[in-house]
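The structure appears right after this line, and notes come after that.
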Amino acid sequence: MLNQSNQQTSIIAQGAEALIIKEGGQIIKDRIPKKYRHPELDKKLIKTRTKKEAKLLEKASKLINTPCPETVEFNEIKMPFIEGKRISDFLEQLDWEDICKKIGSSIAKLHDNNIIHGDLTTSNMILTKENNLYFIDFGLGFISSRIEDKAVDLHLLKQALEARHFSIWKQCWAIIEKSYNSKDREKVLQQLGKVEARGRYKKGS
């Protein structure tokens, strides 16, 4: 909910699942009620998903740069606002080789702790003026030790790079793949090949 206070409050993004509200130096992720669901079921789902995302953020923040929740209510997560450039808008203009190295190593740290981001795109990455790379929005994330889930996580990022950063995506992916120094690296990359083959088969059928 929007907080009536002396701090400047503004909605900076609105998706299907949540409002992203900036309030002073903080971000509030406010999950939106769904009118098509039974009210009690809706409240239960919102509470469960909010709690789940907050736990993922807290765990991830101990491994990589990501905002750690400060307070959690049944439908809201309040966390620090990360000031910086969204990678999706500026990658080609930045030191993309260094950024891609950081992307690969950060994903490896998450995967080695069985954290699946679930929405790995450059839209969910921010570079601060101190040159620190932050991952944001773990709303689709979950915990899994399955090699398949880690491979799909990488597959989503590879597709996002090709779609958003077509002119440099192959070079970017090569660096990310090399920097993905997970303990299960070979298994995950091998499975990634199978995931991609399935996609090509579906397109050709």
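The values are calculated or read from the model by the stated rules, or taken from the named source; none is laboratory data. All values derive from a computational prediction rather than experimental measurement. Counting neighbours? That spans all protein chains shown, and the Cβs are built from the backbone with ideal geometry, glycine included.
Annotations
- Taken over the stretch 160-185, residues that are assigned to a helix (DSSP H, G or I), within 16 Å of Ile116 (Cβ to Cβ) and aromatic (Phe, Trp, Tyr) amount to 0.
- Total residues in the stretch 80-113, condition over 29 Å from Gly24 (Cα atoms) and of a type outside the set (D, E, K, R): 9
- Residue tally, condition among the small types (Gly, Ala, Ser) and at pLDDT below 90, over the stretch 1-44: 4
- Some residue of the stretch 141-159 being farther than 27 Å from Ser61 by Cα and part of a helix (DSSP H, G or I): no
- Hits in the stretch 6-36 - residues which are among the small types (Gly, Ala, Ser), closer than 16 Å to Asn124 by Cα and part of a strand (DSSP E or B): Ala13, Ala18
- Close pairs from the stretch 9-32: first closer than 14 Å to Ile46 by Cβ, partner of a type in the set (Phe, Trp, Tyr), Cβ under 6 Å, at least 6 apart: none
- Within the stretch 73-100, considering residues that are without any contact (Cβ under 8 Å) to a residue 60 or more places away in the chain and touching a Cys at 6+ places or on another chain (Cβ under 9 Å), the one surrounded by the fewest Cβ atoms within 10 Å (Cβ to Cβ): Pro80
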